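Notes follow the structure.
The values are calculated or read from the model by the stated rules, or taken from the named source; none is laboratory data. None of the values given here were measured: they were computed from a predicted structure. Quick reminder, even Gly has a Cβ in these numbers, built from the backbone with ideal geometry, and neighbours come from all protein chains shown. Note: areas computed on protein heavy atoms with side chains; ligands, DNA, RNA excluded. Shrake-Rupley method; radii C 1.70, N 1.55, O 1.52, S 1.80 Å.
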Amino acid sequence: MLTCPNGHEPALLQTEYTENNFTPVQEDEGIFRYRHWLPVVREIPGSGRPVVFRSERLSRLVGIPDLWVAFNGYWPERGGHLETGTFKELEAYTVLGRLPEDPVVLVVASAGNTAAAFASVCSRYGQPCLLIVPEVGLGRLKLPEVLHPSVRLVVLEDADYADAIALSEAVGKLTGFQLEGGVRNVGRRDGLATVMYSAVEAMGELPDFYFQAVGSAAGGIAVHEAAKRLMAAGAPSNASKEGLPRLFLSQNESFAPIHRAWQAGQRFLVRGSVEDDKRAVRRAFADELTNRFPPYAVHSGVHDVLVESDGDVLAVDGKSARAAREMFNDIESIDIEPASAVAVASLLSAVREGRIRRDASVLLNVTGGGRARRARDHSPIQAEPSLRIASLGPLEEAVNQIAGLFSVDLQIS
């Protein structure tokens, strides 16, 4: 289930768990350590989880003594074992744990990182999966092993993430296909919520401030939901507003629909033309953050969590993001993804502007990192498309082509 069947304004589904206390399973080191707060019917072996640590050198440089990093990626010295280098693996394991045993084809739209995570996990466990990505995201699909025959990759040329979403929605209506659903999937959000669970285990309390770069902002929504769940369970907090961490989300300066709407004080997104948006997407430093239709106005979506947390949205230019990426690499000796660099740059900007108290506790979500490091340690394999669509015309034609990819092997009608 991705939506409520009752007649009301659009709203994100919320999970309610019978376990009211925060009870990590100590013998489990992956995300199923938090199985009591995950909407799964089974556990998928092999998962990792975020590595949370106080960064002493970064703290000194920034001037925030209580600065913590949630690192999501490959960094074996720190205990980071997310093999695709992104926190999207947290989503993939939880979503697969939520699926029934029936071998439906899971349909996933992605700018690249989500596709890499689902490609890796679905290939390992033989879960039929259709991945739809714009060509610009193909380079992120460098995987530990070749794609399983039941995992098919469709690449859209001259397209963006919004085009991939539109096509996935159409394919998801076919018999035998199950739309993964993005932010609407509680499995996806509750998987990302494990970032906050890991942080509270390490920090001993909820942070005052939370920094993350966002495209759809599913991660920002997820950690806010996690913080409310933790507060209800009695987690300590020194935060400023009703105990909830203040969300400081960030986007590319060249493409920032969430930032524009929030700064304008509007409940709904301020939209430009499709062509203007696509040109802005091409200029973006972190193209994985370029969702043209983020869940901003929907009930319990981005706008609501920003209001509830007394949060804010920042925009970061490419020059600042590049400098932040180099600085983090120099300090910690690990590579980070463009989106993570945007988050680091936004933290530096907020501190310079005096928006963060020096005695505040801050959690910086490095949503992806260690890809270059893993490529040195191992030999990743570039995923090859099953189908390329040169120009996305009528969706019906593309849907028929995609259905043909599965009709023989999986006997999908």
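Data for the structure
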{"item": "1 or more residues aromatic (F, W, Y): qualifying helices (runs of 4 or more DSSP H) within region 144-206", "result": "161-171, 194-203"}
{"item": "Filtered residues of region 45-85 (kept if farther than 18 Å from R140 by Cβ, part of a loop (DSSP other than H, G, I, E, B) and among the charged types (D, E, K, R))", "result": "R49"}
{"item": "Qualifying residue in region 374-386 (condition: in contact with a Phe, Trp or Tyr (Cβ under 7 Å, 6 or more places away or on another chain) and open to solvent by less than 50 Å² (accessible area, probe 1.4 Å))", "result": "yes"}
{"item": "Any hit, region 86-103, residues being within 15 Å of P50 (Cβ to Cβ), assigned to a loop (DSSP other than H, G, I, E, B) and modelled with pLDDT of 95 or more", "result": "yes"}
{"item": "Which numbered condition V107 fails, given (1) crowded, with 23+ Cβ neighbours inside 10 Å; (2) over 22 Å from V171 (Cβ atoms)", "result": "(2)"}
{"item": "Qualifying residues in region 317-334 (those that are of a type outside the set (K, R) and open to solvent by 70 Å² or more (accessible area, probe 1.4 Å)) - the one farthest from H259 (Cα to Cα)", "result": "S333"}
{"item": "Top-ranked residue of region 33-66 - restricted to ones that are among the small types (G, A, S) and within 13 Å of S361 (Cα to Cα), ranked as nearest to the chain's Cα centre (by Cα)", "result": "S55"}
{"item": "Matching option when the condition is open to solvent by 30 Å² or more (accessible area, probe 1.4 Å), assigned by the TED database to the domain that holds N400, of a type in the set (A, V, I, L, M) and in contact (Cβ under 8 Å) with a residue 60 or more places away in the chain, among A170, A166, A162", "result": "A166"}
{"item": "Some residue of region 277-293 being touching a Leu at 6+ places or on another chain (Cβ under 9 Å) and open to solvent by 40 Å² or more (accessible area, probe 1.4 Å)", "result": "yes"}
